[in-house]
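Novice: Below: one structure in structure tokens.
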């Protein structure tokens, strides 16, 4: 099993004020965990152990309604943290996190974090700024789900993913289809059939090409106009 290191601490921006000595001592209390694709890292409603850093791989944060329908709140990329809120409010995990691919995460235990913040108030100030940015992002998510159409929200996902993870090819900007249509439906707040129909419309208009293992965005400008 891999071990945590000072690099894991340094990869969390709000721990930047820590001295090397303090960061190294803190790293001794961290725990590294490995997961395969589609494995649960944390479950909604369970007691919080701490927050996490996605060291390698990607995951999805989602909530499940009483009817079993899922809403994806965020896709977690390497270098991003998740699960901070219950560390501080003492409540159960408000959402679940599932890996999308093989992943390695670093657990920052709740007690270790509390002890650190009591000694390092400058870290607490930076963490508040982090929470403010995250809250702003969730406000934007609520706005998108409430005010935008499924077509707009799906176009946003395709455009941003192509821009952030895509590779330029002869036919356009390609990126891996590592999310199922059910995942996409949960991400944009609809059902799988509507996602499938909207993707077919985009393909029929020449905006994207749907391949077995990847999407190819043929017209980035058309997607951007739909944002």
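Novice: For residues in segment 59-84 being touching a strand residue (DSSP E or B) at 6+ places or on another chain (Cβ under 6 Å), over 16 Å from residue 160 (Cβ atoms) and without any contact (Cβ under 8 Å) to a residue 60 or more places away in the chain, which is surrounded by the most Cβ atoms within 10 Å (Cβ to Cβ)? Outline the logic, then answer.
Specialist: Start the filter on segment 59-84 by keeping residues that are touching a strand residue (DSSP E or B) at 6+ places or on another chain (Cβ under 6 Å), which leaves 59-64, 70-76, 78, 80-84.
If we keep only those that are over 16 Å from residue 160 (Cβ atoms) as well, we get 59, 61-64, 70-71, 78, 81-84.
Next, only the ones that are without any contact (Cβ under 8 Å) to a residue 60 or more places away in the chain stay: 59, 61, 63-64, 78, 82-84.
Details: 59: 27, 61: 20, 63: 14, 64: 15, 78: 13, 82: 20, 83: 24, 84: 19.
Per the criteria, the residue is 59.
Novice: Here's another thing I want to ask about it. When you go through (1) touching a strand residue (DSSP E or B) at 6+ places or on another chain (Cβ under 7 Å); (2) free of Cβ contacts under 8 Å to residues at least 12 places away in the same chain; (3) farther than 22 Å from residue 74 by Cα one by one for residue 165, which number turns out not to apply?
Specialist: Status for residue 165: all satisfied but (3).
Novice: What helices (runs of 4 or more DSSP H) lie completely within segment 1-99 and have 2 or more residues being touching a helix residue (DSSP H, G or I) at 6+ places or on another chain (Cβ under 7 Å)?
Specialist: Working: elements: 6-10, 20-27, 85-89.
Those helices (runs of 4 or more DSSP H) span 6-10, 20-27.
Novice: Considering every residue within segment 104-113, establish whether at least one is modelled with pLDDT of 95 or more, closer than 22 Å to residue 144 by Cβ and part of a strand (DSSP E or B).
Specialist: no
Novice: Which of the residues spanning segment 113-159 are under 24 Å from residue 42 (Cα atoms), touching a helix residue (DSSP H, G or I) at 6+ places or on another chain (Cβ under 7 Å) and in contact (Cβ under 8 Å) with a residue 12 or more places away in the chain?
Specialist: 113, 116, 127, 130 - these are the residues of segment 113-159 that are under 24 Å from residue 42 (Cα atoms), touching a helix residue (DSSP H, G or I) at 6+ places or on another chain (Cβ under 7 Å) and in contact (Cβ under 8 Å) with a residue 12 or more places away in the chain.
Novice: Could you tell me which residue of segment 209-227 is farthest from residue 157 (Cα to Cα), considering only residues that are in a loop (DSSP other than H, G, I, E, B) and touching a helix residue (DSSP H, G or I) at 6+ places or on another chain (Cβ under 8 Å)? Show your work before the answer.
Specialist: To start, the set of residues in segment 209-227 that are in a loop (DSSP other than H, G, I, E, B) comprises 211-213, 218-219, 226-227.
So of that shortlist, the ones also touching a helix residue (DSSP H, G or I) at 6+ places or on another chain (Cβ under 8 Å) come out as 226-227.
Details: 226: 11, 227: 9 Å.
For segment 209-227, the residue satisfying everything is 226.
Novice: If you don't mind, another one. When you look at residue 193, is it exposed (fewer than 12 other Cβ atoms within 10 Å of the Cβ), closer than 26 Å to residue 98 by Cα and out of contact with any helix residue (DSSP H, G or I) (no Cβ under 6 Å at 6 or more places or on another chain), yes or no?
Specialist: On the way: exposed (fewer than 12 other Cβ atoms within 10 Å of the Cβ): yes; closer than 26 Å to residue 98 by Cα: yes; out of contact with any helix residue (DSSP H, G or I) (no Cβ under 6 Å at 6 or more places or on another chain): yes.
Considered against the rule, which asks whether it is exposed (fewer than 12 other Cβ atoms within 10 Å of the Cβ), closer than 26 Å to residue 98 by Cα and out of contact with any helix residue (DSSP H, G or I) (no Cβ under 6 Å at 6 or more places or on another chain), residue 193 comes out as yes.
Novice: Considering only residues that are under 16 Å from the mean Cα position of the chain (by Cα) and part of a helix (DSSP H, G or I), which ones fall in segment 164-208?
Specialist: Matches in segment 164-208: 164, 165, 183, 184, 185, 186, 187, 188.
Novice: Would you say residue 195 is touching a residue at least 12 places away in the same chain (Cβ under 8 Å) and either touching a strand residue (DSSP E or B) at 6+ places or on another chain (Cβ under 9 Å) or at positive phi (or both)? Reasoning before the result, please.
Specialist: Working: touching a residue at least 12 places away in the same chain (Cβ under 8 Å): yes; either touching a strand residue (DSSP E or B) at 6+ places or on another chain (Cβ under 9 Å) or at positive phi (or both): no.
No: the conditions fail for residue 195.
Novice: Just checking, how many residues over segment 209-219 are within 13 Å of residue 167 (Cα to Cα) and either crowded, with 17+ Cβ neighbours inside 10 Å or more than 24 Å from the chain's Cα centre (by Cα) (or both)? Walk me through it before giving the result.
Specialist: As a first pass, look at segment 209-219 and keep what is within 13 Å of residue 167 (Cα to Cα): 214-218.
Next cut, either crowded, with 17+ Cβ neighbours inside 10 Å or more than 24 Å from the chain's Cα centre (by Cα) (or both) only: 215-218.
Final tally of qualifying residues: 4.
Novice: Evaluate segment 130-142: report whether one residue or more is exposed (fewer than 15 other Cβ atoms within 10 Å of the Cβ), part of a helix (DSSP H, G or I), in the same structural domain as residue 220 (by TED's automatic domain parsing) and on the phi < 0 side of the Ramachandran plot.
Specialist: No - not one qualifying residue is present in segment 130-142.
Novice: Please specify each residue of segment 85-97 satisfying the condition of being buried (at least 20 other Cβ atoms within 10 Å of the Cβ) and either under 10 Å from the mean Cα position of the chain (by Cα) or without any contact (Cβ under 8 Å) to a residue 12 or more places away in the chain (or both).
Specialist: Within segment 85-97, just 97 meets the criteria.
The values are calculated or read from the model by the stated rules, or taken from the named source; none is laboratory data. Keep in mind that what you see is a predicted model, and the values were worked out from it rather than measured. FYI the Cβ positions are ideal-geometry reconstructions off the backbone, even for glycines, and counts take in every protein chain you see.
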